[in-house]
Amino acid sequence: MRILGIDPGLAIIGYAIIDKEGNSLLPRDYGCIRTPAGLPIAERLLTIYRDTGFLVEKWQPDFMAVEQLFFNRNVTNAFSVGQARGVCLLAAAQSQCPVAEYTPLQVKQAVVGNGRAAKQQVAVMVKALLNLKEIPKPDDVTDALAVAICHCNRPVTLALRRG
């Protein structure tokens, strides 16, 4: 099973491709999509859409796993992230790639075993679970890997796998 994990954002979108083979999790590719702050938002969203679509086309994931939007105070930022998240979902839907969404609490619970784990704890576990030499940077990439791991650890994913 191949998972495309996405940590949505407007400036930086973390992505990760993980294969689950038996009990093994194999990282295939990970990184980030960046959009410059000076570009109009429509152009930034177009970049995110195209690059996400490219990842779906290139890697043919069985699922896209996306972190759900969480915000406390900055509503303007939340709207921008929501728009970026939306174009990622559109790219998946256009390719008929099923999407699963997870809260930050669910991701932390699946990766660390504690839904209130600190970011550093998640990063250390991602590194260990995927047998990486170092913790990926920026944090958005580590978060995308964690979202993909979360999906791999969900028992319902096998029942939902597309034919």
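Bear in mind that the values in this text are calculations on the coordinates, not laboratory data. The structure displayed is predicted, hence computed values, not measured ones. With ideal geometry, Cβ positions are generated from the backbone for all residues, glycine too; neighbour counts draw on all protein chains shown.
Cβ under 15 Å from A118's Cβ, A118 left aside: what net charge do those residues give with Lys, Arg +1 and Asp, Glu -1? Don't jump to the answer; show the numbers that get you there.
Values: positive: K108, R116, K119, K127; negative: D139, D143.
Surrounding charge for A118 is +2.
Any idea what the relative contact order of the chain is, in percent, if you count C-alpha pairs under 8 Å spaced at least 6 apart?
30
Run down the lysines and flag those whose C-alpha is under 16 Å from the C-alpha of K119, throwing out any fewer than 8 positions away in its chain.
Leaving aside lysines fewer than 8 places away in the same chain, those within reach of K119 are K108, K127, K137.
Take each of the peptides 45-57, 20-32, average the number of other beta-carbon atoms within 10 Å over its residues, and list them starting from the highest.
Values: 45-57: 18.5, 20-32: 13.8.
Most protected by this proxy first, the peptides run 45-57, 20-32.
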